[in-house]
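Okay, structure first, notes after.
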Amino acid sequence: MATKKTTKPKAKAIKVTVTKSRPKAKTKAKPVETSEIQQPTSLLTSQSIPKVYRKIIIFSILLVIVLAVLVVHYSLAKAFITITPEYSDHDISFSAQIVDPEQSDLNIEEKDYLIGRKLETVLTKSGTFTPPTSITQGDKASGEITLINNYSKEQTLVATTRLLAANGKLFRLTKTVTVPAGSKLTAIARADETGDEYLIAATKFTIPGLWEGLQDKIYAESTGAMKMQEETHHLITAETINAAITSLKDQILIDAIAQFQPQLSGNEYINNDALIVQEIRRSTSANIGEDTESFDVELELSIKTITYDEQKLLTKIENDINVLAEQNQGLINFSNNDINVSISENEEVLNGIIGVIQGKYKIQLANPNIDMEQIKGKSPDEATQYLTNLSGVLSADISLSPFWLTNIPDLDNHIKVILNK
């Protein structure tokens, strides 16, 4: 195959003409003028602000600082007052009706009725008692004698039996004795009257009260002289008899309660201090004024009790106390042991109301009535003096915060009262 032959075009000739330039004359560089940097002038200079305005600004700054200090001072100022109250005793009375549900159509739950019933028993008890012993210096001559019975029968000689001495002075036996037949026993004889002429030596005594045919068989002899000596007495007084009655009564009440207890059911409760007691009969073997070593007493009592729901009664009392506590800032003390009750029986039972329970309970109240205006702005010493002079305040302790505070703040919400209940 034939190839096509290409030919390159010829380049055109370029003519360059070089011309030589003359060197320019050198020129001196002109110095560059630089401007100085100006510093900003203060707004508070005496040249920019007049003197009077400068004082106003300084005063304003100081005032802001003072106000800030005062705000901090009053916002931090606190007074803490701790008071120990002084409690006083108060007696609170209460009463409630006792209803036997089997005899009543009352709505017991709606009112403060107590459910209960009557229990009754009659008991008798007797005992032997010894009067108190007293020793006195006798003002009548006395001494020991021997009573002799040479008769075939025993002989009873009552107290104050006359004993006639050989010199005609009259003595008397101090106690009742019985001399066995053909035997003898010792006893005490006392002069019938005062006087030294009764201080006689040992002698024989006849018994004028006996039949003359027995006076030589039943008689007395003394082995020593009669003397003014100490005498032992067991005198019966009204207090002696009452003490014996009280002792028997206490024993009977214990026996009665022991009889009642097995009869209780549910919430029934017997108050041992509220029994209804009636004396039926009493008898004593000695009278007031007698001098005897012992005497017997017998006592018969009727004992009644009315049972009641103690828990319901306590709930009623506690509810009343809670109301008092709310009214008294909780400053109240109470104990179940401080309740005293008595029960009276309704002789005529109406609507099943068989009795009424009445009583008192003791509470302790404290009422420190503080007038805050009297302590605001005062020093702790002045405020403490005011508080401790109040009734109902036993002691007071005051602390201030922060430490530089010297007086109690004037704002109520910056004073905190703490009560030691």
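The values are calculated or read from the model by the stated rules, or taken from the named source; none is laboratory data. On a predicted model such as this, the values are computed, not experimentally measured, just so you know. So basically every Cβ, Gly included, is an ideal-geometry build from the backbone, and we count neighbours across all protein chains shown.
Given the conditions (1) over 23 Å from Asp91 (Cα atoms); (2) within 33 Å of the chain's Cα centre (by Cα), report the number of the one that Ala286 does not fulfil.
The number of the failed condition is (2).
If you scan region 353-385, which residues turn out to be aliphatic (A, V, I, L, M) and part of a helix (DSSP H, G or I)?
Met372, Ala383
Exposed (fewer than 14 other Cβ atoms within 10 Å of the Cβ), more than 13 Å from Phe80 (Cα to Cα) and not hydroxyl-bearing (Ser, Thr, Tyr): does that describe Asn389?
So Asn389 fits the description; yes.
Do the conditions hold for Ser75, that is, is it modelled with pLDDT of 85 or more and either among the small types (Gly, Ala, Ser) or in a strand (DSSP E or B) (or both)?
no
Return the only residue of Thr174, Thr161 being more than 60 Å from the chain's Cα centre (by Cα), surrounded by 14 or more Cβ atoms within 10 Å (Cβ to Cβ) and under 28 Å from Ala238 (Cα atoms).
Thr161
Starting from region 167-187, keep only residues that are under 14 Å from Lys153 (Cα atoms) and in the same structural domain as Ala220 (by TED's automatic domain parsing), then list their pairs with residues that are charged (D, E, K, R) and assigned to a loop (DSSP other than H, G, I, E, B) whose Cβ atoms are within a distance under 7 Å, requiring at least 6 positions of separation or different chains.
Short answer, once both residue conditions are applied: Thr178/Glu154; Val179/Glu154; Pro180/Glu154; Ala181/Lys153; Ala181/Glu154.
Can you tell me which residues in region 289-310 are under 42 Å from the mean Cα position of the chain (by Cα) and of a type in the set (D, E, K, R)?
Matches in region 289-310: Asp296, Glu298, Glu300, Lys304, Asp309, Glu310.
Looking at (1) in a strand (DSSP E or B); (2) in the same structural domain as Leu210 (by TED's automatic domain parsing); (3) not charged (D, E, K, R), which is the one condition that is false for Thr124?
(2)
If Leu164 passes every condition in (1) at pLDDT below 95; (2) within 30 Å of Gly213 (Cα to Cα) but one, which one does it miss?
Unmet condition: (1).
Taking the stated definitions as given, is Glu300 closer than 30 Å to Ile236 by Cβ, of a type in the set (Asp, Glu), touching a residue at least 40 places away in the same chain (Cβ under 8 Å) and not in a helix (DSSP H, G or I)?
When the stated conditions are applied, Glu300 passes them.
Could you please find all residues in region 177-220 being small (Gly, Ala, Ser) and surrounded by 17 or more Cβ atoms within 10 Å (Cβ to Cβ)?
Selection gives Ala187, Ala189, Ala191, Ala220.
Do the conditions hold for Lys125, that is, is it touching a Leu at 6+ places or on another chain (Cβ under 6 Å) and under 30 Å from Thr305 (Cβ atoms)?
On the way: touching a Leu at 6+ places or on another chain (Cβ under 6 Å): yes; under 30 Å from Thr305 (Cβ atoms): yes.
Yes: the conditions hold for Lys125.
Could you please let me know if Asn271 is surrounded by fewer than 16 Cβ atoms within 10 Å (Cβ to Cβ), at pLDDT below 95 and touching a strand residue (DSSP E or B) at 6+ places or on another chain (Cβ under 8 Å)?
It is false that Asn271 is surrounded by fewer than 16 Cβ atoms within 10 Å (Cβ to Cβ), at pLDDT below 95 and touching a strand residue (DSSP E or B) at 6+ places or on another chain (Cβ under 8 Å).
When you scan region 258-268, how many residues do you find that are surrounded by 16 or more Cβ atoms within 10 Å (Cβ to Cβ) and out of contact with any Asp or Glu (no Cβ under 8 Å at 6 or more places or on another chain)?
Residues in region 258-268 being surrounded by 16 or more Cβ atoms within 10 Å (Cβ to Cβ) and out of contact with any Asp or Glu (no Cβ under 8 Å at 6 or more places or on another chain): 1 in total.
Restricting to region 137-158, what's the tally of residues that are surrounded by 16 or more Cβ atoms within 10 Å (Cβ to Cβ) and without any contact (Cβ under 8 Å) to a residue 60 or more places away in the chain?
Counting residues in region 137-158 that are surrounded by 16 or more Cβ atoms within 10 Å (Cβ to Cβ) and without any contact (Cβ under 8 Å) to a residue 60 or more places away in the chain gives 1.
Exactly one of these conditions fails for Glu345: (1) closer than 30 Å to Ser95 by Cα; (2) of a type in the set (Asp, Glu); (3) surrounded by fewer than 14 Cβ atoms within 10 Å (Cβ to Cβ); (4) in contact with a Gly (Cβ under 7 Å, 6 or more places away or on another chain). Give me its number.
(3)
Could you figure out which of (1) farther than 30 Å from Gln251 by Cα; (2) basic (Lys, Arg); (3) at pLDDT 95 or above isn't true of Lys125?
(1)
Can we say Asn337 is in a strand (DSSP E or B), polar (S, T, N, Q) and free of Cβ contacts under 8 Å to residues at least 24 places away in the same chain?
Criteria met by Asn337.
Just one of Thr186, Thr178, Thr194 is under 16 Å from Gly143 (Cβ atoms) and part of a strand (DSSP E or B); which is it?
Thr186
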